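Worksheet: one structure, shown below.
The values are calculated or read from the model by the stated rules, or taken from the named source; none is laboratory data. Keep in mind it's a predicted model, so treat the numbers as computed, not measured. Cβ coordinates were reconstructed from backbone atoms using ideal geometry, including for glycine residues, and neighbour counts include every protein chain displayed. Surface areas here come from the heavy atoms of the whole protein model, side chains and all, with no ligands, DNA or RNA. Shrake-Rupley method; radii C 1.70, N 1.55, O 1.52, S 1.80 Å.
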Amino acid sequence: MADHRGAGVKSDKPTLGTLLRSLRTRNDWTLKEMSERSGIPVSTLSKVEHDRLTLTYDKLLQLSQRLNIRMSELFAEEDPQEAAAVTGRRSIGSQDRAIRVKTNNYDYFYLCTELRRKRMIPLVTRIRAKSVKEFGELVRHPGEEFVYVIEGRMVVHTEYYDPIVIEAGESIYLDSSMGHAYVVGEGCEEALTIGVCSAAEGDLMDSLMSLHGEEPGGIHEV
């Protein structure tokens, strides 16, 4: 009896041939042009694209280097659960070891700064601006953020919603790419908050730091 196990079952992951064909199509290259750029014969590329041949690691590396693409682009994406790795990273944050950035509107205390390329940026903020006029232009940056008021009260201004008062013990979660500003609520001199900014990009800290130079007063102290 013939063994038909697995017959007709296709993987959901794209093959190397599919990925190469997609790369060539995106760049509007013929097989000959791709061969000239990569140094791999036309006949070999054709067989790979039709899934009749695969490439050795050194040939994949050659493709990557000559076509100026990442090696990861030549492989199907792994299942996120399979790809997840335990990095073992950790950091103990304290305000005396934080990076302090002082502007006219806020005092920022960036925590756990020894960890680079974080996807979450924890910070303590002391808000001083009393009005949107004093604050200046609304700020925007990639990702999302969560802010919890520890002391005082703050008023959150955004470009799509009416201003809202957030009291001590309350919090707000918002899309950071939406223009926003935090100012001190009525009856308070300052408001103290703790928050987390997050983004898929690994250079979020650089994006946030670049904003401080654009705020009224710029960066006074780091």
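Just add up the charged neighbours of M34: K/R +1, D/E -1, any other residue whose Cβ is under 15 Å from the Cβ of M34.
Working: positive: R21, R24, R26, K32, R37, K47, K59, R66; negative: D28, E33, E36, E49, E73.
That works out to +3.
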Hull shadow area, averaged, the stretch 139-194 [alpha-carbon convex hull, nm²]: 3.5 nm²
List L31, L45, ordered by accessible area with a 1.4 Å probe, largest first: L31, L45
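C188: net charge of surrounding residues, Cβ under 12 Å, Lys/Arg +1, Asp/Glu -1, itself excluded? Write out the running numbers ahead of the final one.
Details: positive: R126, R128, K130, R153; negative: E151, E167, E186, E189, E190.
My count for the surroundings of C188 gives -1.
How would F135, F146 rank on accessible area, largest to smallest, probe 1.4 Å?
Highest to lowest solvent-accessible surface, that is F146, F135.
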Sequence of D58, D175 from largest to smallest accessible area, 1.4 Å probe: D58, D175
